[in-house]
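A.B. asks: For reference, the structure I am asking about is given below.
Every number in this text was worked out from the coordinates using simple rules, so none of it is lab data. Since this is a predicted model, take the numbers as computed values, not measurements. Note that each Cβ is placed from the backbone with ideal geometry, even for glycine, and that neighbours are counted across all protein chains shown.
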Amino acid sequence: MRFIVLAALVVAACSSPATQQQAAPPAQGANLNPPAEMSHGEAPVGVATTKPDRAADAPARTKARHHRIRMTAVAVRHEVSPDVWYDAWTFDSVVPGPVLRATVGDTVEFTLINGANMPHSMDFHAAEIAPNRAYRNVMPKDSVQFTFVPRVPGVFMYHCGTAPVAAHIANGMYGALIIDPAAPRPAAQEFVLVQSEFYMGAGQGKDSLRALDWQKLLGASPDYVTFNGVASRYATHPIEVKAHAPIRLYMVNAGPNRFSAFHVVGAIFDAVFVDAFGSPLRGVQTYNVPVGGGAIFELKLAEPGQYPFVSHAFADATKGAVGVFQAVPAK
Ligand SMILES: [Cu+2]
């Protein structure tokens, strides 16, 4: 009897007007899903059993001292996120363009062929050269050739420099060039990450193809922020690494607008090399890679597990600047 009275009091309390007010439904648009188990910009995190369609692996250092590099500027449809297609302008049909690698003192002989229907050009941040000679506009079906000898080690952006530069970069014309020091760095698991943004208008025609929204670009308000051209690519397909073993990340921020507050969740960078600075920064949690800049990060992961890497500017991580390292036991 006593139990029944108590239960009746509880029911009465739960249905009182005050309690009903507290239990009012949350504001429209509130996220009712339980939070993710770890901070990673809310991207779906997959397992490392399926490889990404574009590996982040750095190309191997070669002993060649003369590099003949030829690229073609061409427009392609680029899938920024599943079923989100963008009318991209590219070097060699990929966004970002191919990763290049040379050593200080090498000769880089470069040719750009314009296979597109508008002028394009090439600007290597690793080169010291007169831009009006080397970085000039190339008309459709024409080409330009120039040679340079990189003097400064680091990881450098390259990009189309044709006006309006913001549009040519936002549309996909950028990439990374690694310049090794003369004495090779110690062996490590090496990866290249190029951060960049996409600003999209409404979809048109086949595949609901998107093109650049100039006002969004001027407002620095991208729809997607990506590593290696695809939103959350390495979150849905994590990059497998060995725990406890050295990792080296060559990171370029192509922008065109957003800084990258680069951070690996669960790790502290042992060293951050900024271009040819004589001494690296040691023991760094987050490092800001400027637009048009690069940095080399060295770290080890302390135990097997999943370690998200993000731009810690979390609006950008939520828009796709996120990936995951899947650390497995070293054999
Ligand atoms: Cu261009």
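A.B. asks: Within the stretch 119-164, which residues are under 17 Å from Q195 (Cα atoms) and either loosely packed, with under 15 Cβ neighbours inside 10 Å or near the ligand (Cβ under 9 Å from one of its atoms) (or both)?
C.D. replies: Matches in the stretch 119-164: H159, C160.
A.B. asks: If you scan the stretch 172-192, which residues turn out to be crowded, with 23+ Cβ neighbours inside 10 Å and in a loop (DSSP other than H, G, I, E, B)?
C.D. replies: G172, M173, listed by residue number.
A.B. asks: For the stretch 33-78, name all the residues that are of a type in the set (D, E, K, R) and within 16 Å of the ligand (Cβ to nearest atom).
C.D. replies: none
A.B. asks: Six or more apart or on different chains, Cβ under 9 Å: which pairs go from a residue in the stretch 170-197 that's over 21 Å from A55 (Cα atoms) to one that's buried (at least 24 other Cβ atoms within 10 Å of the Cβ) and among the hydroxyl-bearing types (S, T, Y)? Could you list them?
C.D. replies: Close Cβ pairs (under 9 Å, with a partner that is buried (at least 24 other Cβ atoms within 10 Å of the Cβ) and among the hydroxyl-bearing types (S, T, Y)) amount to A170/S196; A170/Y199; N171/Y86; N171/T90.
A.B. asks: Kindly indicate the residue of the stretch 219-232 that is outside any strand (DSSP E or B) and in contact (Cβ under 8 Å) with a residue 12 or more places away in the chain and also surrounded by the fewest Cβ atoms within 10 Å (Cβ to Cβ) among those meeting that condition.
C.D. replies: A220
A.B. asks: Kindly evaluate R258 against the criterion of being of a type in the set (D, E, K, R), closer than 27 Å to Y158 by Cβ and not in a strand (DSSP E or B).
C.D. replies: yes
A.B. asks: Hey, among P290, P308, P256, which residue is surrounded by 19 or more Cβ atoms within 10 Å (Cβ to Cβ) and over 23 Å from V45 (Cα atoms)?
C.D. replies: Selected residue: P256, the only one of P290, P308, P256 that is surrounded by 19 or more Cβ atoms within 10 Å (Cβ to Cβ) and over 23 Å from V45 (Cα atoms).
A.B. asks: Another question about this same structure. Determine which member of the set Q195, Q215 is away from the ligand (no atom under 16 Å from the Cβ) and either part of a strand (DSSP E or B) or touching a Phe, Trp or Tyr at 6+ places or on another chain (Cβ under 8 Å) (or both).
C.D. replies: Q195
A.B. asks: Restricting attention to the stretch 286-304, which residues are part of a strand (DSSP E or B), farther than 11 Å from G255 by Cα and in contact (Cβ under 8 Å) with a residue 40 or more places away in the chain?
C.D. replies: Filtering the stretch 286-304 for residues part of a strand (DSSP E or B) gives 286-289, 293-299.
From the residues that got through so far, the ones that are farther than 11 Å from G255 by Cα too are 286-288, 294-299.
Selection gives G294, A295, I296, F297, E298, L299.
A.B. asks: Now for a different question. Could you list all residues from the stretch 261-285 that are touching a strand residue (DSSP E or B) at 6+ places or on another chain (Cβ under 7 Å), assigned to a loop (DSSP other than H, G, I, E, B) and closer than 21 Å to A176 by Cα?
C.D. replies: V274, D275, A276, P280
A.B. asks: Turning to a different aspect of this structure: Identify the residue in the stretch 88-100 that is over 15 Å from the mean Cα position of the chain (by Cα) and crowded, with 19+ Cβ neighbours inside 10 Å and, among all such residues, is farthest from the ligand (Cβ to nearest atom).
C.D. replies: L100
A.B. asks: With the structure loaded, tell me whether E109 is within 30 Å of D57 (Cβ to Cβ), out of contact with any strand residue (DSSP E or B) (no Cβ under 6 Å at 6 or more places or on another chain) and more than 16 Å from the ligand (Cβ to nearest atom) or whether it fails that test.
C.D. replies: In short, no.
A.B. asks: From the set of residues in the stretch 165-192 that are within 16 Å of the ligand (Cβ to nearest atom) and hydrophobic (A, V, I, L, M, F, W, C), which is farthest from T72 (Cα to Cα)?
C.D. replies: A166
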